[in-house]
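Some notes on the structure that comes next.
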Amino acid sequence: MVMSTRNRPQPRVPQPPHDPSWWHLDARTGWHAQQTEGLDRYRLGEMLTLALAPGSGRSLTDGLGSFGGLTLPSHLTWGPDWSLYLLEAGSGILKSFDRCACRFEAVDCLGGKGSGARNFTNPHGIAIRGDTLYVCDTGNRRIALISLRGYLLRSEWRPSLEAALDHPWSPYDLAFDRAGRLYVSDTANRCLHRFNSGGVWLGMVEGFNQPSEIAIDCQERLYVLEKGIKPHVVRTTLEGNSREILRSPAEAAEAFPELPVKVQAEGWLELGSLCNGKPAWFDPQGNARAQPPQVPAPAYLHQGIYLSEPLDSGIHQCQWHRVVVTGTVPAGSRVRLRTYSAEVPLPLSQIQALSEESWSSRHTLHDLRDSDWEGLITAPPGRYLWLSLVFESNAEATPSVEALRIEFPRISLRRYLPAIFAEDPAGADFTDRLLSLFDTPLRQIERRLDEQAALFDPMATPAAAGRGDFLGWLASWIGLELDRQWPEARRRSWLKNAAATLHQRGTRVGLHRKLLAYLGMQPESRCCAGSSPSTSCRPARGRCPSTSPPLCYWQPPPLILEHYQLRRWLYLDKGRLGDQAVLWGRRIVNRSQLDQGAQVSGSQLITTQDPLRDPFHVYAHRFSVFVPACYGRSESLRRALEQLIETEKPAHTRYEMIYVEPRFRIGFQSSIGLDAVVGRYPQGVRLGDGPLGRATVLDSPPHKRGGPSMAVGVEARVGGSTQLN
């Protein structure tokens with residue numbers, strides 16, 4: 001690959017006196033490549049690596065329709081709340097992923113073999129749009145629409161009677177475009193069927209050879225897996241106009257969003273990101289496994305070349321100083337580095353025609369492990385510099401270069417020596433190269449002093465385990481001890497919020513803010529930028545970008561219930577048993593009751609005659625904390641949560657931990673106003689804008705707004721204000 005040569009002026013970075021400038025080349029600032037051969041052009045946005053040999057690496061035809069790990073397998077799909085659903089083809093059982101328990105749970109009363117309304121026979125592809133699950137029920141020759149609220153069958157889609165099909169249709173996989181149209185692959189008729197959002201058959205896209213799995217990327221292009229004698233993937237438009245055969249996942253990686261989970265070969269999943277960061281492997285049936293099957297190691301090309309553009313220093317007769325390479329060079333590979341300088345920019349053909357002796361600074365990099373390598377540039381003075389990297393490998397490993405830093409001009413400690421050391425050019429060059437051994441460590445010490453302020457920033461300080469854990473050292477300044485089991489992002493966010501709420505420590509407000517941070521329920525992590533607190537959206541993970549993100553109206557839960565709020569006093573002639581007042585029982589202070597006499601070890605002997613204030617004495621300093629039930633099932637999470645509450649709660653209070661289960665029992669698992677609300681009456685919708693059902697009602701009488709009415713004979717007259725279509 002050859003890129004055009006353009007002179008880009010290097011911006012001057014303000015530096016202290018006697019510090020060099022530099023060219024920084026990486027994926028973010030650009031590699032400024034004039035020529036690349038044998039490198040993975042799809043990873044130039046990340047680093048410089050050798051390309052895979054033809055026929056090596058992940059294949060587009062593996063993984064049960066994952067297209068080499070670009071998408072989820074066809075029998076998995078994301079739910080509207082980022083839940084994960086899996087459908088077993090053999091048993092027809094639908095499973096949903098429980099993040100707290102980190103396992104797949106079977107959905108009750110749905111699935112199983114059969115031809116019933118909620119049974120499937122040899123199903124394959126599934127997808128979710130809105131609150132509806134679409135299932136390719138191949139054996140029953142239908143697209144089954146299942147409601148996620150109750151898992152009831154809503155409808156069945158099939159091609160219309162006008163479809164001229166040679167064989168009975170056999171739906172295999174499905175995908176939605178941005179307009180809501182559904183594309184269904186038909187292996188028997190070698191075509192794709194199109195349906196609109198209402199289930200109306202729109203036609204076919206023909207000309208495929210046994211199409212099975214399909215997918216649509218963010219650029220609205222179709223990917224179809226053709227299972228013929230030699231399976232391959234075809235990329236085409238939604239209308240099927242132009243088609244091309246793809247050979248590797250890298251050719252389509254940029255068109256698909258990054259998945260929040262890892263898809264291994266043969267459909268295996270790594271769902272650690274959904275299970276508190278711990279590795280969790282699952283086979284295609286959703287069963288937890290210790291480790292995935294071994295995948296053959298990829299084979300790389302033996303050689304690749306990178307040649308930079310002429311890097312302009314803007315200095316006449318500039319003596320370039322050194323090159324710093326950041327990357328990895330594993331065993332069995334190496335990188336040969338060369339430089340060439342000139343006073344004027346030269347064409348690419350002249351640079352390619354240079355002999356090996358014309359290049360300077362010939363260095364060889366090997367056995368480099370995630371660290372920096374540096375070497376002096378011995379090229380003669382010149383305004384422009386060309387940098388060449390030759391990647392070599394034994395095909396089992398590849399070098400990877402993450403960044404290049406070319407410093408100029410050479411500012412040596414020789415400037416502090418007598419002028420006689422620079423009288424001879426050869427001697428001056430030797431002195432410069434000798435003093436660079438001391439100049440580089442000195443400049444590193446100065447740079448460390450310049451960057452010392454980053455050590456006191458919770459979001460920038462090092463957090464590596466061992467002596468380099470400045471994050472834990474910084475937390476000790478304010479009396480905090482960070483749990484090493486937490487992910488690094490959580491520890492940084494925790495320390496940042498702790499410093500801001502230090503003055504609220506020991507208060508209800510401070511404890512509430514700490515609980516929100518620990519549980520990951522901060523408003524800033526769930527609300528969109530620039531939106532009001534009551535209008536937020538879900539973070540986009542594993543989805544194509546959308547111009548209109550959905551609203552979720554999320555508010556942080558209170559989590560804490562102070563028991564004094566539960567008191568209901570009963571006064572004679574002023575109270576009534578029921579909702580306004582309750583009778584206190586033995587649970588308060590175990591006083592003797594009228595229906596039960598005093599019992600040994602059953603009642604307390606209290607000499608203070610103050611039953612009126614007993615409820616206040618018992619409940620004044622108590623509170624309950626409501627947290628998700630998954631924190632109670634994990635011993636480590638439970639201990640961490642209890643330690644947090646003990647550290648942050650007021651010293652004179654006692655608490656009760658309540659683990660909230662997904663059940664709705666008022667007074668037992670839910671409290672109105674705390675973790676449960678009574679929904680308001682749904683807003684009206686217009687006909688055609690939404691489906692009518694239990695959660696949808698018609699708007700106020702239209703005749704009040706000047707339109708036709710819906711109640712014929714009451715608020716409308718046929719032919720007057722109402723028309724029948």
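The values are calculated or read from the model by the stated rules, or taken from the named source; none is laboratory data. Keep in mind the model is a prediction, meaning the values are calculated, not measured. Neighbour counts run over all protein chains shown; Cβ positions are idealised from the backbone, glycine included. Surface accessibility is based on the protein's heavy atoms, side chains included, excluding ligands, DNA and RNA. Shrake-Rupley method; radii C 1.70, N 1.55, O 1.52, S 1.80 Å.
Taking all protein chains as shown and a probe of 1.4 angstrom, Val224 keeps an accessible surface of around 0 Å². Protection proxy ranking, highest mean first, for peptides 625-631, 477-483, 381-387: 381-387, 625-631, 477-483, where packing is the per-residue count of other beta-carbon atoms within 10 Å, averaged. Near Thr77, the amide H atoms lying under 5 Å from its own belong to Tyr85; only residues 5 or more places off or on other chains count, and H is placed 1.01 Å from N. Gly506 sits among other residues whose Cβ lies under 13 Å from its own Cβ, and their net charge, with Lys and Arg +1 and Asp and Glu -1, is +3.
The Leu152 and Ser349 beta-carbon pair, evaluated with R₀ = 56 Å, returns a calculated FRET efficiency of approximately 0.20.
The slack between Glu254 and Ala106, meaning 0.36 nm per residue of separation minus the straight C-alpha distance, is 49.8 nm.
Loop-located GluC sites (Glu not before Pro) across region 244-352 with a Cβ neighbour count of 15 or fewer within 10 Å are Glu258, Glu343, with loop assigned by DSSP. From the cross-link list Lys278/Lys649; Lys113/Lys262; Lys278/Lys514; Lys95/Lys278, which pairs have alpha carbons spaced over 25 Å apart? Listed pairs above 25 Å: Lys278/Lys649; Lys113/Lys262. Between beta-carbons, use under 15 Å as the cut-off and find the net charge around Trp281, counting Lys and Arg +1, Asp and Glu -1. Value of the local net charge: +1.
Rounded to the nearest Å, what's the spacing between the alpha carbon centres of region 432-485 and region 92-120? Just the number, please. Taking the Cα centre of each part, region 432-485 and region 92-120 sit 51 Å apart. Once the Cβ-Cβ distance of Glu481 and Ala453 is raised to the sixth power relative to R0 = 22 Å, the FRET efficiency obtained is 0.35. Put simply, the amide H of Ser155, placed in the peptide plane, has neighbours under 5 Å in Leu145, leaving out anything fewer than 5 places away on its chain.
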